[in-house]
Amino acid sequence: MKTFLVGGAVRDELLGVPFDERDWVVVGSTPEQMLAAGFQQVGKDFPVFLHPISKEEYALARTERKKGVGYTGFEVHADADVTLEQDLSRRDLTINAIAKSESGDVFDPYQGREDIERRVLRHVSPAFVEDPLRVLRVARFAARYARLGFTVAKPTMQLMSQIVAADELQTLSAERVWRETEKALATESPEVFFQVLQGCGALNVLFPELQALFGVPQSAVSHPEIDCGVHSLMVLQQASLLSKDTAVRYAALVHDLGKAVTAADHLPHHPGHEKATLPLLLALQQRIKVPNRHAQLAQVVARWHTTLHGLKGQDSENILSMLTELGVFRQGGWLEEFVLCCEADSRGRSGFENQAYPQAGQLKDLAARCCRVTAAALIADGVEGKAVGEALRHQRLAVIDSFLAALK
């Protein structure tokens, strides 16, 4: 019985980046021996055990044989006769197929260290095509390590395209698609995830609403990058610089989906794209099970981002409606997240990346002023019943009117 450190811990150690989890593979053992040694079995599809002290995962070396469709259609063989090289051969990328013995010796049968030096994400074997989840995983690794110069090898991209063409992505559960997407949104270069998916045709399958934006023009005056899809990825990039919150990043990415359905005779302008975005967001949310917090923020940003952009020219009624929907008059509103998304939208344009966005501070100031008008103060002044709500509204509108007048 021999144990080897495998996967992400070995990869990240070689890359010189921090890692939190360690996974182990056990060669030459059986489930019975593991249980006798005090390990706790947790795997259902194949034997995975928790160490009795460290609680780290130890998996028996195993092989897999494709017997059905999708990423769950595998027959697993885990026994004492499975070698370390056989176990590593079933992994997705060469940089994830490196093992390290307890004595520190590195076992690298598929040249993962060479690919780390070359900064390339390359599949281990042709069996890569058997698991459609690998399309998302490779795109996520590309986003995670883009800052280090990693790119996807052309032959690997070809296999990813082959998986897409075989309709294997349709077998992925909505929950699994979102899980990989959220992990990608949390990386330093989340836009790369969607670029890689587009490159192999997967974006059109998993995120057709986003794919539809590419090739749709915008006014070159306000959008020198012109292409709506390019703009959306630039906004995501800017959002990742402003916030680590994946809800902010998601909302920034999808805020303009409605531009894909603008009538041709209106182009390159997009009147009403805010409202047109909402049903597309709903379709996307339902299809890949977007969490409520992410979905709700995305809807608020889609509906109101242009209102904040043109704050000086708005009327007080519209601004009060926006503040109310942002939840500034209750606990747990969206004000902070909303202004970050709007700032990312403003900066996510060619040549505007470093431009100031004063509207963010202006809206926060205005919201604070409006919040100082309270029902309690009105009641103390003798206002009663239904008149309280109406008086509250009129005083807040007066605050907004005064604020806008000062801006102009």
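The values are calculated or read from the model by the stated rules, or taken from the named source; none is laboratory data. Note that the structure is predicted; figures quoted are calculated from it, not measured. Here the Cβ positions follow ideal geometry from the backbone for every residue, glycine too, while neighbour counts run over all protein chains shown.
Structure values in brief
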item	result
So Tyr145, is it free of Cβ contacts under 8 Å to residues at least 24 places away in the same chain and aromatic (Phe, Trp, Tyr)	no
Selection from the stretch 1-30 of residues that are basic (Lys, Arg) and loosely packed, with under 15 Cβ neighbours inside 10 Å	Lys2
Test for His294: is it surrounded by 13 or more Cβ atoms within 10 Å (Cβ to Cβ), modelled with pLDDT of 95 or more and within 17 Å of Gln362 (Cα to Cα)	no
Candidate set from the stretch 352-403 (those that are of a type in the set (A, V, I, L, M) and in contact with a Lys or Arg (Cβ under 7 Å, 6 or more places away or on another chain)); member that is modelled with the lowest pLDDT	Val373
In the stretch 292-345, the residues that are charged (D, E, K, R), free of Cβ contacts under 8 Å to residues at least 60 places away in the same chain and part of a helix (DSSP H, G or I)	Arg293, Arg303, Glu325, Glu336
Any chance Thr277 is touching a Gly at 6+ places or on another chain (Cβ under 6 Å), polar (S, T, N, Q) and in contact (Cβ under 8 Å) with a residue 12 or more places away in the chain	yes
Members of the stretch 292-314 found to be among the polar types (S, T, N, Q) and more than 19 Å from Ala406 (Cβ to Cβ), listed by number	Asn292, Gln296, Gln299, Thr306
Candidates Asp87, Asp81, filtered to the one that is out of contact with any Ser or Thr (no Cβ under 8 Å at 6 or more places or on another chain) and within 21 Å of Ala61 (Cα to Cα)	Asp81
Tally of residues being in contact with a strand residue (DSSP E or B) (Cβ under 9 Å, 6 or more places away or on another chain) and either assigned to a loop (DSSP other than H, G, I, E, B) or modelled with pLDDT under 95 (or both) across the stretch 181-234	8
Identity of the residue in the stretch 180-209, touching a residue at least 60 places away in the same chain (Cβ under 8 Å) and of a type in the set (A, V, I, L, M), that ends up farthest from Ile288 (Cα to Cα)	Ala186
Unique residue being more than 20 Å from Ala127 (Cβ to Cβ) and among the small types (Gly, Ala, Ser) when the list is Ala174, Ala202, Ala165, Ala153	Ala174
Filter result for Leu136 (in contact (Cβ under 8 Å) with a residue 60 or more places away in the chain and of a type outside the set (D, E, K, R))	yes
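Listed here are the residues, each with its yes/no results for (1) surrounded by fewer than 19 Cβ atoms within 10 Å (Cβ to Cβ); (2) in the same structural domain as Glu32 (by TED's automatic domain parsing).
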site	(1), (2)
Ala78	no, yes
Ser103	yes, yes
Val124	no, no
Asp131	no, no
Val135	no, no
Tyr145	no, no
Ser173	yes, no
